[in-house]
Amino acid sequence: MSGYLDQTAGRTGGMALSLAIHGAVLALALLVFNKAPLKMHAAGPELAVFSVPDLSQPLEQAPPTPPEQQEQQPVPPQIVKPEVTVTKSELPAPYVVPVADPVPLPRPQIAVPQPVAAPPQPAAPAAAAPPAPSAQTRKQEQNYYATLMDWLNRKRKYPPEAKKARQQGVVVVKFTIDRQGNVLDAVIKKSSGYALLDQETLNLMRRASPLPAIPDSLGKDRLTISLPIEYSLING
């Protein structure tokens, strides 16, 4: 800010000094012009009259010259690019790099031990099928079964509780006897539907043992038989 003030003061002082010098020259010229006689010289030199501008008024600045019209730049011509349509068939086919098939490595061969066949065993002799029972044998069996039924019916007892409850039915008992007729085992194969009658049948098999022996004509040491034991209120 101080530098700007110094420049302004310097300019003002210079203008004042210039005005003072011009004023002194003008005053001296007027003084000499008034005292000296006017002499006309024929072909004398003409006096030059200088007009001193009034420095007290601000100098008029010349109007700014209009800027020169800018030269119009030439417009470059538009280049129209031709449209190129490439069909799918014109495109080059992609290059496929052939890949070689992998070469299979040989598998190591492992020797597998072969099972040793066992020597053939001699075939066991087929069991001889029992001879079919003859008509006489079947008749003897039926007679023996009838004898067992008669034996059991004579030993059978009707439980009083079952008779009072009007319970009746048929129990199928399965039992095994030896050659002498002893009962080796007895089970209920088909129940009558009443526990009293089923239990009485098992008690019957224990009371009736031994049963009539197996006849020699049957040729059996043991015999398993299933027989029905009936409990009827009508027949007692």
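What follows is calculated from the coordinates using simple rules that are stated; it is not laboratory data. Remember, it's a predicted structure, so these values are computed and weren't measured experimentally. We place every Cβ from the backbone using ideal geometry, glycine too, and count neighbours over all the protein chains shown.
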Margin query: Using the basic label-point model (7 angstrom from Cα toward the beta carbon), what is the ARG138 to GLN199 distance in nanometres?
Written below: 4.2 nm
Next item on the list: Figure the gain on full extension for ARG222 and LYS157 (residue separation times 0.36 nm, minus the Cα-Cα span) and round it to one decimal in nm.
Entry: 20.7 nm
